[in-house]
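**Q** For reference, the structure I am asking about is given below.
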Amino acid sequence: MGGPPIADYGFLSDCRSAALVSRDGSVDWWCPARFDSPSVFGRILDSDAGHWVLRPSGERDGRRIERAYIGDSLVLRTVHQTDGGSVAVTEALATEPGARGHELGSASPAVLLRTVEGLSGRVRMSTDFVPRPEYGLLTPFLHSQPDRVVAAAGPVSLTLRAGVPLTCERGRAHADFDVSVGQVVGFDLAYAPSFGGPPAAELDPVAAIAETVEAWQVLQDSHHYDGRYPDLVRRSSVILQGLTYRPSGAVVAAATTSLPEQLGGDRNYDYRFAWLRDFSYTLHALWVAACTEDTSRHFGWAVRSAGRLGIEPAPIMYGVGSERDLSEHVLDHLGGYAGSRPVRTGNDAWRQRQLDVPGEVLEAAYLLRDRLGQFDEELRQMLIDLAHQTVDIWHRPDAGMWEIRGEQRHYTSSKVGCWVALDRAVRLAPRLGEGADPRRWAAARDEIHRTVLERGWNERIGAFTGAFGSDELDASVLLMPLVNFLPATDGRMRATIEAIERELATDGVVRRSANEPAGFVWCSFWLVGCLVLAGDNQRATELFERTSTKANDLGIFAEQIDLVTGEHLGNTPQALSHIGQIIAAARLTDPTMHF
């Protein structure tokens, strides 16, 4: 593959940007300005796109590596055991000094922190700092000063302060140094725009790491989940919060772009944006995990992003700063992960019609109605517009929730999403004011229900299929009992669940369809929920635990799992995968709970 497996990477976040660091100590991805900004380290997508290595010198053979997050934080501690001794490398994206609770990330200093602590013996360490801004297009000049190296190129300025002397040459800074027991060597790498912005922050690495651990821990200690699998739920909720762009409240689908769904394939998309579907399910998951303090703020982002809705279908996604135009651009100079090209920035799915989206937004509003309190005028108008729009367009074909590029179809799950939109709108009508029309909405809702039962069911297959008139199973129909469209105990639904489990499930992962080579983690947790609602808690528990073992050693899920090798595929960490784990754990705790 030419680089570490996707599952090899740990995830760092300051709730504004994300970095990925390999087990062997290489930061191979960091977009410091914000999640979807150009990278300064991009080696995960091309060997020449920049990295920052900090690890024991010499070959990895014979070296033992153990790593874990500190408490309920996104501060990563990696212990390297070598023949000469052992060291702990601790690294984090710094939180702003003094930030506590949901202030975390509001004013991130954009500093990547790393320390090396000698635990035993004496270990020879090596660091290699190779920044390549603008996705590897730029090689910066390195300016060496007594206590720092400044890398400047294009719009980016990076200031690396190190506790050891660095040697600079041709866009690279390097040092070899020894660390003895009890000794601590610190590094802080600060980003600043080249022009017009504040200067790079200066932080003491040891103190700033302790501050960052405390900030994350205080945030998590304010949440009290009492259900099954609390450790898994807490870790997934931390990852979801790490995928939140705190300045706006947007939640990105993943921290990366163009990690492939199939090695060597071309289904490589940019997921560093905020889908309304993911936003809705994130609120579900955080509600389950008792992390609801920012609910109004998240909805405020959604309302502000959408603006006034017209006759066209609701937008499905935005940039983290509410940008609407997310047009794709191909980075031809990058070779791609394991040769998987093209590498893309932007995502042309923003142009698609996906009819299930209003249902997910209205479902979230219904679920969190008490937390939201009295709806303000903008939120009321948005929900009313979504309901009216659904009545007008539910009969149209669309791209579906899997964002198929090409011919549109009448996807069963899209129609179910339309039913959800109108069912929840009817229930919310007393809160929506004079613009509500529950009678019209209820009539359309009931028509959709009849249509799905008639046209979504395939008598020959003996199951609901992915699209009207199709003979193909699709895991998206597992949503039907999960949104209370049809009970899991209904004969047709039970037959569908059994068909999907038989035909699409392999060793704890469920494919979206029969022609896909990898399992989709979110679908696996859907199946868990369906089995719970069907009354088969034992099989549901077994599937949940088997699927959960597919996470990496830090509890991180990518989008998909290879059925043969078990390797992670697709962008990482994937919000929907962690959302699925949280909600499935809660269903196993209380099957009667409404989601």
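**Q** Just to be sure before I move on: is Gly62 in a loop (DSSP other than H, G, I, E, B), free of Cβ contacts under 8 Å to residues at least 24 places away in the same chain and over 30 Å from Arg297 (Cα atoms) in the structure I sent?
**A** yes
**Q** Across region 386-415, what is the number of residues that are open to solvent by less than 30 Å² (accessible area, probe 1.4 Å), more than 30 Å from Asp266 (Cβ to Cβ) and not polar (S, T, N, Q)?
**A** 5
**Q** Could you list, ordered by first residue, the pairs with Cβ atoms under 8 Å in which the first is in region 360-382 and more than 16 Å from Trp419 (Cβ to Cβ) and of a type in the set (D, E, K, R) and the second is open to solvent by 50 Å² or more (accessible area, probe 1.4 Å) and at pLDDT 90 or above, at least 6 apart or interchain?
**A** Arg369/Arg431; Arg380/Arg431
**Q** For Ala99, all conditions in the list (1) touching a Lys or Arg at 6+ places or on another chain (Cβ under 7 Å); (2) buried (at least 23 other Cβ atoms within 10 Å of the Cβ) hold save one; what is the number of the exception?
**A** For Ala99, the failing item is (1).
**Q** Another question, if that's okay. Write out, first by first residue and then by second, each pair whose Cβ atoms fall under 6 Å of each other, whose residues are 6+ apart or on separate chains, and whose first residue, in region 414-434, is of a type in the set (Asp, Glu) while the second is part of a helix (DSSP H, G or I).
**A** Asp423/Arg445
**Q** Can you list the strands (runs of 3 or more DSSP E) found entirely within region 85-168 that contain at least 1 residues being without any contact (Cβ under 8 Å) to a residue 60 or more places away in the chain, over 22 Å from Gly10 (Cα atoms) and β-branched (Val, Ile, Thr)?
**A** Here the list reads 148-153, 156-162.
**Q** Quick one: in region 559-595, of everything that is more than 21 Å from Ser280 (Cα to Cα) and β-branched (Val, Ile, Thr), which residue is least open to solvent (accessible area, probe 1.4 Å)?
**A** Out of the qualifying residues, it is Ile561.
**Q** Quick check, is Glu328 without any contact (Cβ under 8 Å) to a residue 24 or more places away in the chain, in contact with a helix residue (DSSP H, G or I) (Cβ under 9 Å, 6 or more places away or on another chain) and within 19 Å of Ala253 (Cβ to Cβ)?
**A** no
**Q** I'm trying to understand the selection: among the residues of region 460-517, which are in contact with a His (Cβ under 7 Å, 6 or more places away or on another chain) and of a type in the set (A, V, I, L, M)?
**A** Result: Ala467, single match.
**Q** Let me ask something else. Could you identify the single residue in Trp441, Trp419, Trp402 that is among the aromatic types (Phe, Trp, Tyr), more than 21 Å from Arg324 (Cβ to Cβ) and assigned to a loop (DSSP other than H, G, I, E, B)?
**A** Being among the aromatic types (Phe, Trp, Tyr), more than 21 Å from Arg324 (Cβ to Cβ) and assigned to a loop (DSSP other than H, G, I, E, B) holds for just one of Trp441, Trp419, Trp402, which is Trp402.
**Q** Hey, another quick one. Is it the case that Gln374 is polar (S, T, N, Q) and modelled with pLDDT of 95 or more?
**A** No; evaluated as a whole, the condition is false for this residue.
**Q** Taking the stated definitions as given, is Arg55 over 23 Å from the mean Cα position of the chain (by Cα), of a type in the set (D, E, K, R) and surrounded by 19 or more Cβ atoms within 10 Å (Cβ to Cβ)?
**A** Yes; evaluated as a whole, the condition is true for this residue.
**Q** Is it true that Ala92 is in contact with a strand residue (DSSP E or B) (Cβ under 9 Å, 6 or more places away or on another chain) and farther than 26 Å from Gly346 by Cβ?
**A** Taking the combined requirement at face value, the residue satisfies it.
**Q** Identify, please: which residue in region 110-133 is of a type in the set (Gly, Ala, Ser) and buried (at least 16 other Cβ atoms within 10 Å of the Cβ) and is, among those, farthest from Ala200 (Cα to Cα)?
**A** Gly118
**Q** Would you confirm whether any residue within region 75-91 is touching a helix residue (DSSP H, G or I) at 6+ places or on another chain (Cβ under 7 Å) and open to solvent by less than 10 Å² (accessible area, probe 1.4 Å)?
**A** Yes, region 75-91 contains at least one residue that is touching a helix residue (DSSP H, G or I) at 6+ places or on another chain (Cβ under 7 Å) and open to solvent by less than 10 Å² (accessible area, probe 1.4 Å).
**Q** Here is a check on your reading of the model: is Ala540 in contact (Cβ under 8 Å) with a residue 40 or more places away in the chain and over 27 Å from Gly71 (Cα atoms)?
**A** So Ala540 passes the test.
**Q** When you look at Arg235, is it at pLDDT 95 or above, open to solvent by 20 Å² or more (accessible area, probe 1.4 Å) and touching a Phe, Trp or Tyr at 6+ places or on another chain (Cβ under 9 Å), yes or no?
**A** Spelling it out, Arg235 is indeed at pLDDT 95 or above, open to solvent by 20 Å² or more (accessible area, probe 1.4 Å) and touching a Phe, Trp or Tyr at 6+ places or on another chain (Cβ under 9 Å).
**Q** In region 175-233, how many residues are in a helix (DSSP H, G or I) and either without any contact (Cβ under 8 Å) to a residue 40 or more places away in the chain or among the acidic types (Asp, Glu) (or both)?
**A** Count: 7.
**Q** Can you name every residue in region 492-511 that is open to solvent by less than 10 Å² (accessible area, probe 1.4 Å) and not hydrophobic (A, V, I, L, M, F, W, C)?
**A** Once the filter is applied, which keeps residues that are open to solvent by less than 10 Å² (accessible area, probe 1.4 Å) and not hydrophobic (A, V, I, L, M, F, W, C), region 492-511 yields Thr496, Gly508.
**Q** So, in region 258-285, exactly how many residues are outside any helix (DSSP H, G or I) and more than 11 Å from the chain's Cα centre (by Cα)?
**A** 13
**Q** Within region 293-308, work out how many residues are part of a loop (DSSP other than H, G, I, E, B) and open to solvent by 30 Å² or more (accessible area, probe 1.4 Å).
**A** Qualifying residue count, region 293-308: 3.
The values are calculated or read from the model by the stated rules, or taken from the named source; none is laboratory data. The shown structure was predicted, so the numbers you read here are calculated from the model rather than taken from an experiment. When we count neighbours, we look across all protein chains shown, and the Cβ atoms used for this are built from the backbone with ideal geometry, even at glycine. Note: accessible area is taken over every heavy atom of the protein model, side chains too, but ligands, DNA and RNA are not part of it. Shrake-Rupley method; radii C 1.70, N 1.55, O 1.52, S 1.80 Å.
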